Amino acid sequence: LEGLLALEPVLSTRGPFGIHLSLLDSALAHEEVANINPQLRARVLESRGRARRARGMLDESLADLEAALALAEAAEDRALEGRVRGNIGTHYLFTDRLDDADVQYQVALVMLREEDEQLLVGRALAFMGQLNHRLGLTQDAIQNYEEALEIMREVGDRRYEAIALTWLGSTRRELGELDKASELLERALAGHRNVGNRRYEGAVLT
């Protein structure tokens, strides 16, 4: 399980994506999983929840995330709870439950800031930008992205720095700020190529 968690940044960025999910399924199906540290089990359930969401298995994804949340709450692990709540917020964002997404992101940000989980705060702010963009709160979204980018540069989160640059560049493009958008998207493209994120490379090229 620890090995799968260590592999996740590579497998979820570069693939093979089907193998990533099948490995998680096999590990979680093992009979001894029920007896391991609940926080580790929660982290792996959260990982599978993200993998399932990426493949469109939204109901199954939410079930994993809710199970992970229950384990995090029982363990009184606020950093883990904040992380899982952020992912539940993203599930709600993807399924157009925008008010529910806002609640989860706000709670997650409070917990993650209290626990000084800066990398996760940066990612949550980037997704909050996506939410505010969807709500038509464009300037709030830009502020979220810029704050997220500052944190990501500080902690060295290159993968999500490139993703946030993509979202900020797209927002600037929609506002007609084409020079700013081009500069941001060129930086995003270089970042995606650097970490091997082919899906986002394709999105930026488009």
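The values are calculated or read from the model by the stated rules, or taken from the named source; none is laboratory data. Just so it is clear, the structure is predicted and the values come from calculations on it, not from any experiment. Note that we place each Cβ from the backbone using ideal geometry, even for glycine, and neighbour counts take in every protein chain shown. In case anyone asks, the SASA skips ligands and DNA or RNA and just uses the protein heavy atoms, side chains included. Shrake-Rupley method; radii C 1.70, N 1.55, O 1.52, S 1.80 Å.
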Next item on the list: Please list the non-local residues whose amide H lies under 5 Å from the amide H of Glu177, H modeled 1.01 Å from N, same-chain partners needing a gap of 5 or more.
Entry: none
Next item on the list: Quote the FRET efficiency, to the nearest 0.05, computed for Ala74 versus Leu205 with a Förster distance R0 of 45 Å and r equal to the Cβ-Cβ distance.
Entry: 0.50
Check: Of the heavy-atom accessible surface of the chain (probe 1.4 angstrom), what whole percent is carbon and sulfur?
Finding: 48
Note to self: I want to verify a result. In a Gaussian network model of the chain, Cα cutoff 10 Å, which of these has the top mean-square fluctuation: Gln39, Gln139, Gln130?
What the structure shows: Gln139
Notebook entry, point to check: So for the range 3-42, Kirkwood radius off the Cα pairs, Stokes-Einstein at 25 °C and 0.890 mPa s: how many µm² s⁻¹?
Noted result: 226
Check: In whole angstrom, how far apart do the alpha carbon centroids of the range 32-48 and the range 83-109 sit?
Finding: 21
Check: In deg cm²/dmol, rounded to 500, what helix-only [θ] at 222 nm does the chain give when every DSSP H run of at least 4 residues adds -39500 (n - 2.57) and the total is split over its residues?
Finding: -27500 deg cm²/dmol
Checklist line | Mean separation of Cα contacts under 8 Å, 6 or more apart, over the residue count of the chain: relative contact order % | finding: 13
Checklist line | Two-site FRET efficiency, Arg158 against Glu66, from Cβ-Cβ distance with R₀ of 45 Å, rounded to 0.05 | finding: 0.90
Check: Which of these, Ala141, Ala42, Ala27, has the largest mean-square fluctuation under a Gaussian network model of the chain (Cα springs below 10 Å)?
Finding: Ala27
Next item on the list: From the P(r) of the chain, can you give the percent of Cα pairs sitting at distances over 33 Å?
Entry: 12
Next item on the list: For the range 28-44, take each phi angle, set θ = phi - 60°, evaluate the Karplus expression 6.51 cos²θ - 1.76 cosθ + 1.60, and give the result in whole Hz per residue in order, putting x for glycine and proline.
Entry: 6, 7, 5, 5, 7, 4, 4, 9, 7, 3, x, 5, 5, 4, 4, 5, 6
Notebook entry, point to check: Ranked from highest to lowest mean number of other Cβ atoms within 10 Å per residue, what is the order of the peptides 74-80, 29-35?
Noted result: 74-80, 29-35
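Stokes-Einstein at 37 °C, 0.692 mPa s, Kirkwood radius from Cα pairs: D for the range 91-206 in µm² s⁻¹? Working shown, then result.
Numbers: Rh = 14.3 Å.
After rounding, the answer is 229 µm²/s.
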Item checked: For the range 1-124, accessible area per residue (1.4 Å probe, heavy atoms of protein chains only), Å² -> 49
Next item on the list: Using the Karplus curve 6.51 cos²θ - 1.76 cosθ + 1.60 with θ = phi - 60°, work out ³J(HN,Hα) for each residue of the range 5-10 in order, rounded to whole Hz, and write x for Gly and Pro.
Entry: 5, 5, 7, 3, x, 6
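Dividing the Cα radius of gyration by the Kirkwood radius, what Rg/Rh value follows for the range 153-206?
Looking at the range 153-206, the ratio lands at 0.97.
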Note to self: Which one, Leu205, Tyr160, Leu28, projects farthest toward the positive side of the charge dipole computed for the chain from Cβ point charges (K/R +1, D/E -1)?
What the structure shows: Leu205
Notebook entry, point to check: Could you give the semi-axes, largest first, of the ellipsoid that matches the range 8-67, computed as the square roots of 5 times the alpha carbon gyration tensor eigenvalues and rounded to whole Å?
Noted result: 19, 13, 10
Check: Using a 1.4 angstrom probe with every protein chain in place, what is the largest-first accessible-area order of Asp59, Asp100, Asp157?
Finding: Asp59, Asp100, Asp157
Item checked: J(HN,Hα) series, the range 195-206, from Karplus relation 6.51 cos²θ - 1.76 cosθ + 1.60, nearest Hz, glycine and proline x -> 9, x, 8, 5, 4, 6, 4, x, 5, 5, 4, 5
Next item on the list: Determine one quarter of the surface area of the Cα convex hull of the range 37-109, which equals its mean projected area, and express it in nm² to one decimal.
Entry: 4.1
